[in-house]
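Some notes on the structure that comes next.
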Amino acid sequence: MAEQDTLIEQIRAHVEDKLPALDGIVALRRTSEGTASYLFHEGDDLSQLVLNPRYPLSTTVSMLQKRFPEARFGIVARGCDSRALVEMAKRNQIDPDRLYLLGVACTAEEAEECHCATPAPDIAQWPQAELLGTPVEAGSPNPIVAEYDAMPLEERRVFWKQQFSKCIKCYGCRNICPVCFCEACALENPAWVEPGVLAPPFPTFHLIKAMHMAARCVACRQCELACPSHIPLTVLYDLMRRDVGRMFGYVPGDDLEALPPLSLTLE
Amino acid sequence: MTNSVPEFSAYTECFLITGSNTTEAHPLVASHVMEGLERGAKLIVVDPREVQIGRLAHLYLRPRPGTDVAWLNGLMNVIITEGLADEEFVANRTEGYEELKQVVLEYTPEQVEEITSIPADDLRKAARMYASHKPAAILYAMGITQHSTGTDNVKSCANLAMLTGNMGIPGGGVNPLRGQNNVQGACDLGGLPNVYPGYQKVTLPEMKEKFEKAWGVTGLSDKVGLQVTQMIHGACDGSVRALYVMAENPLVSDPDINHARHCLEQLDFLVVQDIFLSETARLADVVLPGTSYLEKEGTFTGTDRRIQRVRKVIEPVGDSRADWEIICQLGQRMGASGFDFASPKEVMEEIARLTPIYGGVSYERLEPENEGFLQWPVTAPDHPGTPFLHKGKFSRGRGKFHAIHFKEAAELPDEEYPFILTTGRLMFHFHTGTMTRRTEKLHQEVPEAYVEIHPADAARIGLDGQKRVRVSSRRGEIELAVRVTEYIKPGVVFIPFHFAEAAANALTHAALDPSSGIPEYKVCAVRVEPVSS
Ligand code: SF4
Ligand code: SF4
């Protein structure tokens, strides 16, 4: 706890130092009204800058950079934020040259809770970046994936059918995803997914989303945390990441230079 | 609710959900139920429609609409005859058990099957499942209350919970899921014809005196006022000449709306306060623009008696004003004293002063760094609030069993109108659609009204692939799209009531529950005919 306290103080001090040279820094702000992403400016109350609850910031950065094409923003980024920004950059949703990344290493407990493989941003690949905190070991792998691997095919179908029958089509998993950005979403296209029925049609709704996440999902686990129906969505996405890794040797979020294999195949 | 929503994920071992399309109408409550299910809790759903949560149930029972007292008595019959009742609770904390027993013993599973069409063995299984998992929570919504026997249905739910000792414990109880974000708050603060804030009866002389003194007035009425449905009738017979409607849209939500429209047209003066020009507002002499939740300060009280702050994010748009400001200004311009509040916070101070169950509520305590929320009763500044009611003792002392016999709904199907119509809500729309039907994404999900009908019934009426039908009752008719689905019980059709242009309430019956005044939205007789396009 004490370590965390000093980390947040370090972050606030760094943000204060950097603000004069930037058009603002994106981070989480907690007020009496709740916690939300916020663009900090010089003079803002930095005691309101927090790291929890986790909330992905890449889409906020993307929106701001598009709205202000000349501006230079900073971001307080965890490992998952950094990985998401990498994938967004490859798809022209953010401009790395106009971004200062203040990386934060997650704690061992956080890494374990998220079963995270890379619990700190790899700052070497960013044009302007720093890292605060000490990177820790990867968390253990998601145990449900191993359980799932042990299931025969028919059981897997039953598992997903049961899980997806709980879905209330709130779109929360899509809305929170840090690498989801299309304006016209296939999940809202009646040609793909019949509108207005609950649970949404099995398996199209969820598998279309999963296919679109291939070579893109950075394992931030936000979708699973957001799901009001407690569907273990990360099992689906972990498996997808594993397959993309095996087939194309591609790990989303790892390397700003590597081009996503599916975009290449399609082009 | 006697209990709190988070108890469902934490403690409940068995859910009995009836008359509630929980995932669609109360998704956040459903989230806690699902977490409870992941933990291994059992789920029994009793509903004429196999709503989404019904498809997740361990036991799903499908009664004929309007027969709730019968199957609830049937469950108690099995529990008593199989010795599954909580005898200690019954002996120490209740009264009226012998009378109850006498009545429910008449409702054997076989007899209940005849009335409700629930197979006798399913009823037995449900009774055993509910009685042998503790704590067990009953969750219900409008499917229980919106009947001419709504009060009987609710009392029967309470009987069942008391019989099994599921009162006054975390994770148990009888839990009506209230729909709108603040309907609980509106009732708490006297938005009912018979009470002052905090359910203090207007008929009691000491209450009259208390409020006259507090408000510096004399002559407050000690008579019970009119229920909503009585006001509409009053408009027709001339006993009500002016009506002030706030954030309601009776021309879509009232039963038998053709009649309701006729009544409102007789008024001398109609004022509507809303954020959009609703169907009712179109009829008004004066429209007062209110504000949305993003434009005002105040509190909302949720279904589990949870008082929370709502905060202004943007200034009111255009000429709109917060509801409390409009009301206060009206009061002032009418020359009344006691309306000179400077903020909702000051209003809450008065509420706390005059309302014992809100006595310990203050904006300070509602700040996130303090308690963040409070659940009433919270009687003093140092009272912690009450997550679940009736611990150790009921408010009236002993819990009273009500021995209740089953009564049929007011209007049953016959040759001319052979189907039962039941109405309800959808995930993608809210109430009369005043807000959600103006939202593009939600409109895309469900752009128009439809009626659900079972495949066997579709064949019976000769639907033959046609996409539209005419549904008529003794009160009106509408044309709308049709969805053929096995999720509805044969002989029953379902129409969501969100759609003004094909309003389910053109068909519904204005029969009222004698004590609550709730209309029978869930049962009336209709005819369904294909329309060739
Ligand atoms: S874990 Fe979920 S939210 Fe995060 S990137 Fe993958 S799909 Fe998106
Ligand atoms: S967050 Fe969960 S319930 Fe909502 S759409 Fe995604 S899977 Fe369905």
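Here are a few things to note about the model shown:
- So B:Val286, is it at pLDDT 95 or above and of a type in the set (Val, Ile, Thr): yes
- Residues that are touching an Asp or Glu at 6+ places or on another chain (Cβ under 8 Å) and surrounded by fewer than 17 Cβ atoms within 10 Å (Cβ to Cβ), drawn from segment B:388-399: B:Arg398
- Evaluating A:Ser229 against the criteria (1) in a helix (DSSP H, G or I); (2) within 12 Å of another protein chain (Cβ to nearest Cβ) leaves one unmet condition, (1).
- Considering only residues in segment B:416-434 that are under 18 Å from B:Ala281 (Cβ atoms) and crowded, with 22+ Cβ neighbours inside 10 Å, the one that is nearest to the other protein chains (Cβ to nearest Cβ) turns out to be B:Gly433.
Yes or no, residue by residue, for (1) in the same structural domain as A:Leu233 (by TED's automatic domain parsing); (2) touching a helix residue (DSSP H, G or I) at 6+ places or on another chain (Cβ under 9 Å); (3) more than 8 Å from ligand 2 (Cβ to nearest atom):
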site: A:Gln162; (1), (2), (3): yes, no, yes
site: A:Ile168; (1), (2), (3): yes, yes, no
site: A:Arg174; (1), (2), (3): yes, yes, no
site: A:Cys177; (1), (2), (3): yes, yes, yes
site: A:Cys180; (1), (2), (3): yes, yes, yes
site: A:Glu188; (1), (2), (3): yes, yes, yes
site: A:Val193; (1), (2), (3): yes, yes, yes
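- For segment A:40-49, a residue qualifies if it is surrounded by fewer than 17 Cβ atoms within 10 Å (Cβ to Cβ) and touching a residue at least 12 places away in the same chain (Cβ under 8 Å), and the qualifying residues are A:His41, A:Glu42, A:Ser47, A:Gln48.
Residue-wise test of (1) surrounded by fewer than 19 Cβ atoms within 10 Å (Cβ to Cβ); (2) not in a loop (DSSP other than H, G, I, E, B).
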position	(1), (2)
A:Glu16	yes, yes
A:Asp81	no, yes
A:Asp97	yes, yes
A:Pro119	no, no
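- The residues on offer are B:Arg437, B:Arg483, B:Arg468, and the sole one that is within 21 Å of A:Pro195 (Cα to Cα), within 14 Å of another protein chain (Cβ to nearest Cβ), among the basic types (Lys, Arg) and in contact with a strand residue (DSSP E or B) (Cβ under 9 Å, 6 or more places away or on another chain) is B:Arg483.
- Residues that are in a loop (DSSP other than H, G, I, E, B) and surrounded by 12 or more Cβ atoms within 10 Å (Cβ to Cβ), drawn from segment A:152-172: A:Ser165, A:Lys166, A:Cys167, A:Ile168, A:Lys169, A:Cys170, A:Tyr171
- When segment A:173-206 is filtered for residues that are crowded, with 17+ Cβ neighbours inside 10 Å and part of a helix (DSSP H, G or I), the ones remaining, listed by number, are A:Cys173, A:Arg174, A:Ile176, A:Leu187, A:Phe205, A:His206.
- Qualifying residue in segment A:222-235 (condition: acidic (Asp, Glu) and within 18 Å of the chain's Cα centre (by Cα)): yes
- Scope segment A:72-86; condition over 22 Å from A:His41 (Cβ atoms) and either within 16 Å of ligand 2 (Cβ to nearest atom) or more than 10 Å from the chain's Cα centre (by Cα) (or both); matching residues: A:Val86
- Extreme residue, farthest from the other protein chains (Cβ to nearest Cβ), among residues of segment B:367-382 that are surrounded by 14 or more Cβ atoms within 10 Å (Cβ to Cβ) and in contact with a strand residue (DSSP E or B) (Cβ under 9 Å, 6 or more places away or on another chain): B:Trp376
- Set side by side, the residues A:Ala105, A:Ala120, A:Ala71, A:Ala124 differ, and just one is away from chain B (no Cβ under 14 Å), more than 14 Å from ligand 1 (Cβ to nearest atom) and touching an Asp or Glu at 6+ places or on another chain (Cβ under 9 Å), which is A:Ala71.
Each row is one residue, and each column tells you yes or no for (1) surrounded by 18 or more Cβ atoms within 10 Å (Cβ to Cβ); (2) under 19 Å from B:Arg64 (Cα atoms).
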{"position": "B:Gln111", "(1), (2)": "no, yes"}
{"position": "B:Ile115", "(1), (2)": "yes, yes"}
{"position": "B:Ile118", "(1), (2)": "yes, yes"}
{"position": "B:Asp121", "(1), (2)": "no, yes"}
{"position": "B:Ala131", "(1), (2)": "yes, no"}
{"position": "B:Ile144", "(1), (2)": "yes, yes"}
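- For A:Val218: the one exception among (1) more than 14 Å from chain B (Cβ to nearest Cβ); (2) touching a Leu at 6+ places or on another chain (Cβ under 8 Å); (3) of a type in the set (Val, Ile, Thr): (2)
- Lone unmet requirement of (1) crowded, with 16+ Cβ neighbours inside 10 Å; (2) among the hydrophobic types (A, V, I, L, M, F, W, C); (3) within 14 Å of chain B (Cβ to nearest Cβ); (4) away from ligand 2 (no atom under 15 Å from the Cβ) for A:Val244: (3)
- Positions within segment B:300-319 being touching a residue at least 40 places away in the same chain (Cβ under 8 Å) and touching a helix residue (DSSP H, G or I) at 6+ places or on another chain (Cβ under 7 Å), in sequence order: B:Phe300, B:Thr301, B:Gly302, B:Thr303, B:Asp304, B:Arg305
- Per-region count, segment B:187-201, residues of a type outside the set (Gly, Ala, Ser) and either in a helix (DSSP H, G or I) or more than 14 Å from B:Ser516 (Cβ to Cβ) (or both): 8
- Test: B:Arg333 is free of Cβ contacts under 8 Å to residues at least 24 places away in the same chain and within 14 Å of another protein chain (Cβ to nearest Cβ): no
- Residue in segment A:141-159 that is within 16 Å of ligand 2 (Cβ to nearest atom), farther than 20 Å from A:Met213 by Cβ, within 14 Å of chain B (Cβ to nearest Cβ) and without any contact (Cβ under 8 Å) to a residue 24 or more places away in the chain present: no
- Near pairs, Cβ below 8 angstrom, 6+ apart or cross-chain, from segment A:178-198 (within 11 Å of another protein chain (Cβ to nearest Cβ) and over 22 Å from A:Thr59 (Cβ atoms)) to any residue that is part of a loop (DSSP other than H, G, I, E, B) and among the basic types (Lys, Arg): A:Leu198/A:Lys169
- Residue match in segment A:133-151 (condition: surrounded by fewer than 18 Cβ atoms within 10 Å (Cβ to Cβ) and over 30 Å from B:Glu38 (Cβ atoms)): yes
The values are calculated or read from the model by the stated rules, or taken from the named source; none is laboratory data. The structure displayed is predicted, hence computed values, not measured ones. All Cβ positions, glycine included, derive from the backbone under ideal geometry; neighbour counts span all protein chains shown.
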